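Everything below concerns the one structure shown next.
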Amino acid sequence: MRSRRHCGEGDEYMLPSHVAEFLAIVENAKSGFAARTYRVSKPNEEAYTVIAYRGTNFFQWRDWFHGNLFDAQYRQGLSHFLSIRSQVPAGTRIVVVGHSLGGAIATYVSLRAENAPAYIFNSSPRLTRGPAIANPRVAVSQYGEVLVALRKPFINAGGVYTTINCTNGGPFSRHTQRYLADCLTHIAAWEDPNALASLEVNAMSPRRRVFDATAGN
């Protein structure tokens, strides 16, 4: 799902059989906001919903203006979360995820909405004013990627932060979502049969190990 959400990276993962698109892609042509919503139904587990927010399209000025400079996409992300929550059965777990700008939107939502755990990847920095809701948050970043320097001066939202050294290259190539998505799928495949199946259906076999993973921001 992660790699399906970053505009500008043309390839997409084939979704595993236990993941289905709950709602077609929602896009706002004026602001550049976009999100997809999925229903995850693993055997012997309670089904839950995932909202995946699209990251920055570096070639669209709307993303820079409404997402990185101002907060229109953040407010739209929260509005979309609340809309989805009204459409699913009461008590359904809703997880928000995103890469880069999408990660910042997911963080924004998890700071403002109850029961909104977040998984964020190579996220843009995002601050909040006023009290923040203590949802679970997991942030993963590629070592040396371009936004590391931007995140350093800011106080990060509470959560678990992990840095993984998945690929070589410069700061911009290290920021690429596909590299991180591939790496995390390989890591998960050592313990999760669903991730292993994803490697196979997306022609990424055999699984490989990633040795250099350290906690940090």
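The values are calculated or read from the model by the stated rules, or taken from the named source; none is laboratory data. The structure presented is a predicted model; accordingly, all values stated were derived computationally and were not measured. All Cβ positions, glycine included, derive from the backbone under ideal geometry; neighbour counts span all protein chains shown.
Restricting segment 135-144 to residues that are at pLDDT 75 or above and over 13 Å from the mean Cα position of the chain (by Cα), the residue that is farthest from S110 (Cα to Cα) is Y143.
T214 - would you say it is under 19 Å from the mean Cα position of the chain (by Cα), closer than 30 Å to A134 by Cα, among the polar types (S, T, N, Q) and modelled with pLDDT under 85? In short, no. Working only within segment 24-47, note down all residues that are among the charged types (D, E, K, R), closer than 26 Å to S198 by Cβ and touching a residue at least 24 places away in the same chain (Cβ under 8 Å). Passing the criteria: R36, K42, E46. Is there a residue in segment 173-189 that is touching a helix residue (DSSP H, G or I) at 6+ places or on another chain (Cβ under 6 Å), assigned to a strand (DSSP E or B), at pLDDT 75 or above and buried (at least 18 other Cβ atoms within 10 Å of the Cβ)? No, that holds for no residue. Among residues of segment 190-205 that are more than 11 Å from L15 (Cα to Cα) and at pLDDT 85 or above, those with a beta-carbon under 6 Å from a residue that is among the small types (G, A, S) and part of a helix (DSSP H, G or I) at least six positions away or on a different chain give the pairs L196/A189. Being part of a loop (DSSP other than H, G, I, E, B) and modelled with pLDDT of 85 or more is a description that applies to K42. Taking segment 81-131 as the range and being β-branched (V, I, T), closer than 23 Å to T176 by Cα and in a strand (DSSP E or B) as the test, the residues that pass are V95, V96, V97, I120. Contact map, segment 163-174: first residue closer than 15 Å to S100 by Cβ, second residue part of a loop (DSSP other than H, G, I, E, B) and of a type in the set (D, E, K, R), Cβ cut-off under 9 Å, separation 6 or more or different chains; pairs are P171/E145; F172/E145; S173/E145; R174/E145.
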